[in-house]
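> I have a structure here, written as structure tokens, and I will follow up with some questions on it.
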Amino acid sequence: AAGAELQERDPATGRLQRRVSLPGLVTAPLARAGRLILIPVAPNLIVAWAADEWREAWRRTFSAAVERAPVLASDDSIVCVVGSDVTRLQLSDGSPLWVTRLDAPLLTPAIGRDRVFVPSTSDTLFVLGLRRGDPDWHWPGGADILGVAADGDRLYATGLDHVVRAFDQRGGNQPWRTVIATRVLMPPQAIGARLLITGLGPTLTLLGTRVA
């Protein structure tokens with residue numbers, strides 16, 4: 001996407017093959033879900049574009065601008081955060097399965113086996129049930145949370161306090177936490193049995209996910 005336009009380019013040469021105008025400027029990173037490209041668009045839309053047929057499949061209007069990329073929640077659904085709302089949408093037509101309002105500005109969520117993990121700029125980590133969006137547990141934090149990653153039965157969180165924390169997805173127990181010697185810049189990435197942390201410098205820190 002470029003500005004208010006979606007472009008398809010040849011991956012080998014970068015040559016423009018076709019383009020289409022969008023209803024507004026792109027407001028967040030695009031996401032891929034099967035055959036669909038999910039495009040957050042101003043003023044308050046997600047447009048689902050069927051790449052194989054080069055047509056709009058559906059669009060969904062929200063109460064505020066979509067500033068976070070949607071996240072694939074299952075084979076047939078996605079989760080979006082807009083303002084203080086967490087919404088699970090059906091991929092087939094964009095209809096909502098549930099909406100849960102939380103008392104904080106929200107960051108990009110992560111999806112576990114049966115839970116949605118939603119960090120916030122209020123230092124709180126919220127955890128919802130994937131099926132109905134019911135609140136499960138939360139962690140009050142202590143420093144701004146930058147992001148989370150889910151893998152297996154664990155959840156990992158980074159924050160501005162230089163601490164990386166591991167949580168059990170069920171119940172929120174912390175099997176370990178470790179302090180790293182650099183300021184963290186972005187959410188962690190779970191890669192197999194390792195956790196990749198990007199810090200200021202730039203510095204990359206690689207941790208084992210079972211014992212830090």
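> Quickly run through segment 31-45 and pick out the residues that are of a type outside the set (Gly, Ala, Ser), in a loop (DSSP other than H, G, I, E, B) and at pLDDT 95 or above. Lay out the reasoning, then the answer.
To start, the set of residues in segment 31-45 that are of a type outside the set (Gly, Ala, Ser) comprises 32, 35-41, 43-45.
Among the residues that remain, those that are also in a loop (DSSP other than H, G, I, E, B) are: 35, 43-44.
Result: PRO43, ASN44.
> Is there any pair with a first residue in segment 32-46 that is on the phi > 0 side of the Ramachandran plot and a second that is open to solvent by 10 Å² or more (accessible area, probe 1.4 Å) and assigned to a strand (DSSP E or B) whose Cβ atoms are under 9 Å apart and which are 6 or more apart or on different chains, and what are they?
GLY34/LEU72
> Among (1) more than 16 Å from the chain's Cα centre (by Cα); (2) touching a residue at least 12 places away in the same chain (Cβ under 8 Å); (3) open to solvent by 30 Å² or more (accessible area, probe 1.4 Å); (4) more than 24 Å from ALA33 (Cβ to Cβ), there is one condition PHE167 misses while meeting the rest; what is its number?
All conditions are met except number (3).
> Here's a follow-up. Quick check: anything in segment 76-97 closer than 20 Å to ASP114 by Cα and basic (Lys, Arg)?
Yes, that holds for at least one residue.
> Select from segment 81-110 the residues that are open to solvent by less than 30 Å² (accessible area, probe 1.4 Å) and among the polar types (S, T, N, Q) and list them in ascending order.
THR87, THR100 - these are the residues of segment 81-110 that are open to solvent by less than 30 Å² (accessible area, probe 1.4 Å) and among the polar types (S, T, N, Q).
> For segment 152-163, how many residues are at pLDDT 90 or above and surrounded by 15 or more Cβ atoms within 10 Å (Cβ to Cβ)? Don't jump to the end; show me each part of the working.
Within segment 152-163, the first condition is being at pLDDT 90 or above, and the residues that meet it are 153-157.
When the remaining residues are screened for being surrounded by 15 or more Cβ atoms within 10 Å (Cβ to Cβ), the result is 154-157.
The total comes to 4.
> Select from segment 183-212 the residues that are at pLDDT 80 or above, not in a strand (DSSP E or B) and not basic (Lys, Arg) and write down the one among them that is nearest to the chain's Cα centre (by Cα).
For segment 183-212, the residue satisfying everything is PRO187.
> What number of residues in segment 70-80 are open to solvent by 20 Å² or more (accessible area, probe 1.4 Å) and either touching a residue at least 24 places away in the same chain (Cβ under 8 Å) or within 20 Å of LEU102 (Cα to Cα) (or both)? Give the derivation first.
Within segment 70-80, the first condition is being open to solvent by 20 Å² or more (accessible area, probe 1.4 Å), and the residues that meet it are 71-72, 74-76.
This time we only want the ones that are either touching a residue at least 24 places away in the same chain (Cβ under 8 Å) or within 20 Å of LEU102 (Cα to Cα) (or both), so: 71-72, 74-75.
Here the count works out to 4.
> Restricting to segment 111-144, name every residue that is of a type in the set (Phe, Trp, Tyr) and crowded, with 17+ Cβ neighbours inside 10 Å.
Passing the criteria: PHE117, PHE126, TRP139.
> Of everything in segment 49-68, what is open to solvent by less than 50 Å² (accessible area, probe 1.4 Å), more than 11 Å from LEU22 (Cα to Cα) and assigned to a strand (DSSP E or B)? Give them in sequence order.
ALA50, ALA57, TRP58
> Could you give every pair whose Cβ atoms fall below 7 Å, whose first residue belongs to segment 1-30 and is without any contact (Cβ under 8 Å) to a residue 40 or more places away in the chain and assigned to a loop (DSSP other than H, G, I, E, B), and whose second residue is surrounded by fewer than 13 Cβ atoms within 10 Å (Cβ to Cβ) and not acidic (Asp, Glu), counting only separations of at least 6 or pairs across chains?
ALA4/SER21; ASP10/GLN17; ARG15/ARG9; LEU25/GLY3
The values are calculated or read from the model by the stated rules, or taken from the named source; none is laboratory data. Keep in mind the model is a prediction, meaning the values are calculated, not measured. Methodologically, a virtual Cβ is constructed for each residue, glycine included, from the backbone with ideal geometry; neighbour enumeration extends over all protein chains shown. Please note that ligands, DNA and RNA were not included when accessible areas were found on the heavy atoms of the full protein model with its side chains. Shrake-Rupley method; radii C 1.70, N 1.55, O 1.52, S 1.80 Å.
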